[in-house]
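Engineer: The structure under discussion is supplied below as structure tokens; questions concerning it will follow.
The values are calculated or read from the model by the stated rules, or taken from the named source; none is laboratory data. The model shown is predicted, which means the values in this text are computed figures rather than measured ones. Here the Cβ is made from the backbone with ideal geometry for all residues, glycine too, and neighbour counts use every protein chain on show. What goes into the accessible areas is simple: the full protein's heavy atoms, side chains included, and nothing from ligands, DNA or RNA. Shrake-Rupley method; radii C 1.70, N 1.55, O 1.52, S 1.80 Å.
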Amino acid sequence: MFRAAPRARFAALVLLAFAALVPAAAAGAEEQADVRLGADVVPTFQSIRLKLDADQRNYSGAIHTDLRVAKATNIIRLHAEDQDFQRVSLRQGADTIHVSVGRGDHGLVTLTADRPLATGAASLEIDFTRAYGTRAVGLYRVYTGGHGYLFTQFEADDAREAFPCWDEPGFKFPYQFTLEVPAAHEAITNTPVESQSEKDGWKTVRFVKTPPLPSYLLALATGPLEFTPIPGLRFPARVVTVQGQKGLTGYTVETTPKLLAGLERWFGTPYPFAKLDLVAVPEFAYGAMENPGLITYRDAALLLDPASATVNQRRSSVSTNCHELAHMWFGDLVTMQWWDDLWLNESFADWMSAKITDEVYPEFKYGLDDLAGIQRTMSGDALPSTTAIRAKASSSAAGLQNVGLVYNKGNAVLSTFEGYLGPEVFQKGVRAYLKAHAWGNATAADLWAALDRASGQNVSAAMATFTDQPGVPLVRVTPAEGGVRLTQSRCTPWGVEQPDLTWRIPMVLRWSDGRQIRTTRVLLAETSQLVKLPAKPEWVMPNGGGHGYFAWSAPGAMIEKLASHAPRDLSAPERVSFLGNLDLLLEAGEVHGDSYLAALARFGGDPEPEVVSNVVSSLAGVRRAFIPDSLKASFAPYVRQVLQPALARFGTERRPGEDEAISTMRGQLLTMLARAGEDGKVEAFALDAAKRYLADSSSVDPGIVDAVLDLAAARGDGAMFTELQHRYESSTVPLLRRRYLATLGAFEDPALEARALDYILSDAVPVTEGMMIMRGFGGKDEAAGARLFQWMTANYDRLASRLPPPALRFLPMMGSGCSQERLAATQAFFSEPAHAIPGVEKTLERVADMVHGCISLRDREGAAVGGYLRSLGAK
Ligand SMILES: [Zn+2]
């Protein structure tokens with residue numbers, strides 16, 4: 001699955017909830033353990049026949065499962081949630097054996113046979129009926145443009161909602177679908193059509209038997225779907241859309257073959273499945289889902305309007321698509337044995353996506369953006385509420401716990417080790433792992449073993465220190481006789497006690513001897529270790545290459561020296577990582593607020609847009625944590641001083657032939673200068689650009705439209721609000737619809753803000769899209785966050801009944817920010833039984849950590865920040 005990465009620094013401090021409609025935190029360890037199905041009776045093949053009319057509310061179906069009885073027993077366990085069984089027939093040889101049906105929690109079905117089954121073959125048939133889902137999980141119905149459609153989302157454990165099945169990833173075997181649909185509808189599943197017939201207005205489509213698959217990867221779609229072929233591949237491939245959206249498929253048609261070619265080169269084996277459909281789904285709970293042969297995407301990820309798409313949107317479309325395509329090998333061809341390795345499944349896909357997107361579309365600089373996301377993850381991983389990414393998952397849902405951390409940290413750990421072992425060795429290990437486990441299941445330990453063999457080193461032991469224990473290492477670098485001394489401890493927010501831990505950290509030191517820059521590789525395995533260097537270092541960059549998953553600290557003079565050398569001597573990833581590290585040091589109390597602001601100021605003039613983007617995000621963090629109304633007038637000149645060099649370099653609008661990455665950052669730059677920098681010229685430009693855009697959308701660079709509309713909305717009136725609402729309702733371009741909604745959330749006039757919130761629950765807005773209005777609150781102040789929280793609690797029941805269940809889990813994140821009061825209100829609200837969300841205790845723990853971190857930072861460094869800013873004004 002794919003979740004969009006939030007763009008904000010100070011991960012521990014900001015309102016992550018606004019960032020995207022993703023399950024920022026999912027079920028916690030306290031979630032009830034799954035009853036495992038066991039291995040006494042296992043399925044070897046299942047045919048699934050469904051009669052599906054997307055214009056009705058209910059459907060019927062039948063399954064036939066071939067079973068292998070490994071041990072004589074009269075108990076068969078499987079999953080089936082909320083289906084009415086019409087017929088259950090268990091057969092062995094010529095005998096039909098009567099069974100009684102018992103129902104347990106979470107769709108568990110226990111069949112008890114009148115007499116024990118003998119070892120050997122048996123078969124089970126169940127006929128059933130059920131209502132379609134309406135909340136974007138299981139087999140669910142979407143009504144759009146006057147037509148009904150059916151789509152599926154099964155990961156982690158919702159295949160059981162659609163039909164009876166063995167809903168654990170370890171059961172990997174072939175399936176065969178037969179779908180009966182109205183003759184005017186299309187029907188697709190994971191495999192190509194085998195045969196098709198029509199009778200009495202119904203079309204019966206039988207699909208080719210699948211290769212071995214787990215239930216969570218099965219998928220189907222029906223309705224009056226439209227198809228756009230993707231030429232240039234060895235196998236049939238299409239983009240699949242609801243009616244009227246074929247015109248938006250061009251970009252995906254153009255980019256998909258290039259990404260697939262890049263992946264085939266890296267894996268060294270061809271795309272493993274017989275066909276590929278990329279389906280743009282209008283209502284979708286996640287970013288995308290890697291069902292083999294039938295990948296589903298939130299429509300906005302796949303459908304781009306060439307006239308209005310921004311560089312950022314193209315980059316995110318390509319990287320999302322690449323993540324899902326990478327899963328065709330890693331996840332689908334080889335599948336995790338159990339949900340405790342979901343972290344590896346997902347972080348590998350993220351890591352691979354960054355690698356191949358950078359290779360095929362270097363102009364997007366996606367890897368650099370991805371690295372910034374990883375840096376933000378470390379702030380959250382340093383908090384007491386963090387958990388190991390390879391936690392024991394007792395239930396399917398527990399595997400999805402804390403996905404933001406899991407994806408990013410896993411990705412970073414893979415990069416750290418690839419950097420240390422070398423890319424060729426790493427690739428050799430992965431290829432051997434895929435070859436050994438093709439069409440089967442495997443664990444993380446199997447991958448480490450393959451890397452051990454490929455490298456001749458003990459990778460497993462070092463990996464385990466990052467995957468099986470929580471937290472971030474902090475490496476202190478101090479000058480010592482003959483080199484430097486490295487000392488590791490656990491990186492912890494200032495004033496917080498946590499158990500100490502030790503890691504085995506692969507490090508690449510880049511350092512200068514005063515004449516040239518040198519590289520020294522170290523595996524820091526001890527608590528303290530002397531590293532001999534052949535010359536006295538002038539400065540040392542402890543995270544050479546920028547990809548190591550650790551924080552580092554050094555004497556102030558060395559940090560200062562490094563910052564002054566950064567533009568000339570550090571690479572762009574190293575500069576991004578330097579800024580991320582600076583945030584960690586501020587939170588850990590290793591750097592004071594005044595030094596932090598001084599160091600940040602050095603990077604505003606950086607030639608690399610992604611570095612400037614990180615500076616802007618850091619300034620947003622400063623604004624949130626430290627700048628009350630009384631300090632705004634002192635903060636503004638500082639912001640202008642830091643960012644005006646970037647504005648002078650990059651300009652307010654796109655220039656012909658400019659670097660693509662500039663466009664992904666320019667909007668942020670304008671927003672920060674206009675809002676926090678109180679830069680009248682920039683604001684006037686933005687208001688004028690918004691006016692021009694509304695008069696003629698082609699007159700403004702797409703890259704800045706979101707920013708200028710938001711700035712205009714902040715001062716906008718009822719007429720502008722109505723105009724945007726009208727545009728939203730009349731547009732069929734998913735990304736434009738989302739843009740207009742987000743802008744509605746940015747209005748600051750209290751009456752219009754209230755109108756925007758009420759619109760979330762209106763019938764004109766699908767609820768998954770409506771959440772974009774909340775995103776529009778992202779640029780507002782603490783008081784607006786409090787109003788949004790108030791609105792959410794007042795409308796909780798209506799929201800909760802309409803939101804996809806995975807999205808519910810992010811609502812408690814609205815308590816984050818810097819307010820003890822709001823935190824207390826959040827804790828009280830979600831502790832009520834009526835507002836119970838699975839795993840909410842763990843989420844509340846994380847929210848509390850973030851709020852305490854923000855308050856502690858404000859108390860500790862507020863005076864230093866205020867003093868520094870006021871002294872600038874005095875100069
Ligand atoms: Zn994924």
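Engineer: Give, in whole angstrom and from largest to smallest, the semi-axes √(5λ) of the equivalent ellipsoid of the chain, with λ running over the eigenvalues of the Cα gyration tensor.
Structural biologist: Gyration-tensor ellipsoid for the chain: 45, 33, 25 Å.
Engineer: How large a share of the accessible area of the chain, in percent, is made up of carbon and sulfur atoms when the probe is 1.4 Å and the other protein chains stay in place?
Structural biologist: Carbon and sulfur: 51 percent of the exposed surface of the chain.
Engineer: What spacing in nm lies between the two simple spin-label points modelled at Asp696 and Thr119, each 7 Å away from Cα in the Cβ direction?
Structural biologist: With each label placed 7 Å out from Cα toward Cβ, I get 8.1 nm.
Engineer: On to the next question. Hey, which aspartates and glutamates would be in cross-link range of Lys71, C-alpha to C-alpha under 12 Å, not counting anything within fewer than 8 residues on its own chain?
Structural biologist: Leaving aside aspartates and glutamates fewer than 8 places away in the same chain, those within reach of Lys71 are Asp40.
Engineer: Given a 1.4 Å probe, how much area per residue of the chain is accessible, in Å²?
Structural biologist: Per-residue accessible area for the chain comes out at 35 Å².
Engineer: Still on this structure: How far is helix 718-730 tilted off the main Cα axis of the chain, in degrees rounded to 10, range 0 to 90?
Structural biologist: The two axes meet at around 40 degrees.
Engineer: Roughly how many nanometres apart are two label points built 7 Å out from the Cα toward the Cβ at Thr443 and Gln56?
Structural biologist: A separation of 4.6 nm, rounded to one decimal place.
Engineer: Related question: Where the centroid of each part is defined by its Cα atoms, how far is segment 464-484 from segment 116-145 in Å?
Structural biologist: Between the Cα centres of segment 464-484 and segment 116-145 lies a distance of 51 Å.
Engineer: Next question, about the same structure. What FRET efficiency would be calculated for the residue pair Glu481, Thr502, taking the C-beta separation as r and a Förster radius of 22 Å, to the nearest 0.05?
Structural biologist: That gives a FRET efficiency of 0.35.
Engineer: Computed FRET efficiency, Cβ-Cβ of Ser731 and Ala72, R0 56 Å: what is it to the nearest 0.05?
Structural biologist: Computed FRET efficiency for Ser731 and Ala72 comes out at 0.35.
Engineer: Let me ask something else. Using only Cα atoms and rounding to the nearest 10 degrees, what angle (0 to 90) does helix 342-360 make with the longest principal axis of the chain?
Structural biologist: 60
Engineer: Further question: Estimate the FRET efficiency between Ser831 and Tyr143 by the formula 1/(1 + (r/R0)^6), using the beta-carbon distance for r and 35 Å for R0, to the nearest 0.05.
Structural biologist: Numbers: r = 36 Å, r/R0 = 1.03.
The formula returns an efficiency of 0.45 here.
Engineer: Could you report the accessible area of Leu736 in Å², rounded to 10, computed with a 1.4 Å probe on the protein chains as they sit in the structure?
Structural biologist: 20
Engineer: Would you compute, from DSSP H runs of 4+ residues alone, the mean residue ellipticity of the chain at 222 nm, taking -39500 (n - 2.57) per run and dividing by the full residue count, rounded to the nearest 500?
Structural biologist: -13500 deg cm²/dmol
Engineer: From the cross-link list Lys632/Lys780; Lys258/Lys355; Lys172/Lys203, which pairs have alpha carbons spaced over 18 Å apart? Numbers along the way, then the final one.
Structural biologist: Values: Lys632/Lys780 14 Å; Lys258/Lys355 13 Å; Lys172/Lys203 29 Å.
Listed pairs above 18 Å: Lys172/Lys203.
Engineer: Now, a different point. Where in segment 670-694 is the amide nitrogen less than 14 Å from a point lying 7 Å along the Cα-to-Cβ axis of Glu723?
Structural biologist: Counting only backbone N, you get 687-694.
Engineer: Which of the aspartates and glutamates could a cross-linker span from Lys199 if the Cα-Cα distance has to be under 17 Å and same-chain partners fewer than 8 positions apart are dropped?
Structural biologist: Within the straight-line limit of under 17 Å, Lys199 reaches these aspartates and glutamates: Asp53, Glu180, Glu186.
Engineer: Then there's this: Using alpha carbons only, how many degrees (0 to 90, rounded to 10) separate the axis of helix 680-695 from the longest principal axis of the chain?
Structural biologist: Tilt of helix 680-695: around 30 degrees.
Engineer: Given the Cα-Cα distance of Arg649 and Asp569 and 0.36 nm per residue of separation, how much length would full extension add, in nm? The partial results should precede the final answer.
Structural biologist: Details: separation 80, 0.36 × 80 = 28.80 nm, distance 2.02 nm.
Residue separation times 0.36 nm, minus the Cα-Cα distance, leaves 26.8 nm.
Engineer: So how far, in whole Å, is the C-alpha centre of segment 669-721 from the one of segment 239-311?
Structural biologist: Segment 669-721 and segment 239-311 have Cα centres separated by 32 Å.
Engineer: Something else: In nm, give the distance between the simple-model label positions of Gln641 and Arg802, each being 7 Å from the Cα along the Cα-to-Cβ direction.
Structural biologist: About 4.9 nm, to one decimal.
Engineer: Using only Cα atoms, locate the centre of segment 857-874 and the centre of segment 531-559, then give the distance between them in Å, rounded to an integer.
Structural biologist: Comparing the Cα centres of segment 857-874 and segment 531-559, I get a distance of 28 Å.
Engineer: Just reorder Ser663, Ser60 by solvent-accessible area, largest first, 1.4 Å probe, all chains present.
Structural biologist: Ser60, Ser663
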